[in-house]
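Let me begin by presenting the structure, written as structure tokens, before commenting on it.
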Amino acid sequence: MKTVHSYWAYIVLVVLIITVINAIIGFIQKKEFTHKEFRLGLFTLITSHIQLLIGFGWYFMSPWFKALKSNGGEVMKDSGTRLLAMEHPITMIIAIVLITIGWSKHKKLVKSEDKFKTFAIFYGIALLLILIRIPWSNWF
């Protein structure tokens, strides 16, 4: 499960980066929001939610969750364990909530500029959160 979670994360990151860059370019160049952008945003939403489900599965089987249940105080004292047991999961949930909000908000908008701006802001903040809380030492 950990391997699937790690490899799927590459897919999510690539798609999210492409979506954010596309949104920024579309906003700056005042492009028309087309079916391509719609599909890209939707694919990002879907892949991130799949990653969330895989992450939940792995988290509840992980040694960090077991350690947190049995001795939460010790987990919170160790920064490496705290990252994996608390900080990473909570930050990723917040990031995926932001992606979901961005997706929902963009559907209510009419102007292309507003749609691109919404994707750039919400998906962009989600990307930043993901990048700062990936356990890089465990990833490579």
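At a 1.4 Å probe radius, carbon and sulfur cover how many percent of the accessible area of the chain? Don't skip to the end; give the middle numbers.
Details: 5680 of 8110 Å².
Exposed carbon and sulfur together represent 70 percent of the surface.
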Charge dipole of the range 6-127 about the Cα centre (unit charges at C-beta), most positive-ward option of Ile25, Leu52, Ala67: Ile25
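What does the charge add up to near Asn22, with Lys and Arg as +1, Asp and Glu as -1, over the other residues with Cβ less than 13 Å from its Cβ? If you can, show how the numbers build up before the last one.
On the way: positive: Lys31, Lys36, Arg39, Lys115, Lys117; negative: Glu32, Glu37.
Residues near Asn22 contribute +3 overall.
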Under 11 Å, Cβ to Cβ, from Ala67 - net charge with Lys/Arg +1 and Asp/Glu -1: +1
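For the chain, give the magnitude of the charge dipole about the Cα centre (Cβ charges: +1 Lys/Arg, -1 Asp/Glu; no others), in debye to the nearest 20.
For the chain, the charge dipole is close to 300 debye.
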Residue with peak Gaussian network fluctuation, the chain [Cα springs, cutoff 10 Å], from Thr47, Thr34, Thr118: Thr34
Quick one: Debye curve from the C-alpha atoms of the range 30-108, no solvent, what's log10 I(q)/I(0) at q = 0.13 Å⁻¹? -0.53
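How big is the chain by the Kirkwood estimate over distinct Cα pairs, in Å? Present the calculation step by step, with values, prior to reporting the outcome.
Values: mean 1/r = 0.0630 Å⁻¹.
After inverting the mean inverse Cα-Cα distance, the result is 15.9 Å.
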Contact order relative to length of the chain, as percent, for alpha carbon pairs under 8 angstrom and 6 or more apart: 35 percent
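Greater than 27 Å separation of Cα atoms is the criterion. Which listed pairs, Lys30/Lys107; Lys36/Lys105; Lys2/Lys108, meet it?
Values: Lys30/Lys107 18 Å; Lys36/Lys105 18 Å; Lys2/Lys108 37 Å.
Distance filter (> 27 Å) returns Lys2/Lys108.
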Heavy-atom surface of the range 55-140, accessible at 1.4 Å and reported per residue (Å²): 56 Å²
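The values are calculated or read from the model by the stated rules, or taken from the named source; none is laboratory data. What you are looking at is a predicted structure, and each value in this text was computed from that prediction instead of being measured. All Cβ positions, glycine included, derive from the backbone under ideal geometry; neighbour counts span all protein chains shown. Only protein heavy atoms, including side chains, enter the accessible area calculation; ligands, DNA and RNA are left aside. Shrake-Rupley method; radii C 1.70, N 1.55, O 1.52, S 1.80 Å.
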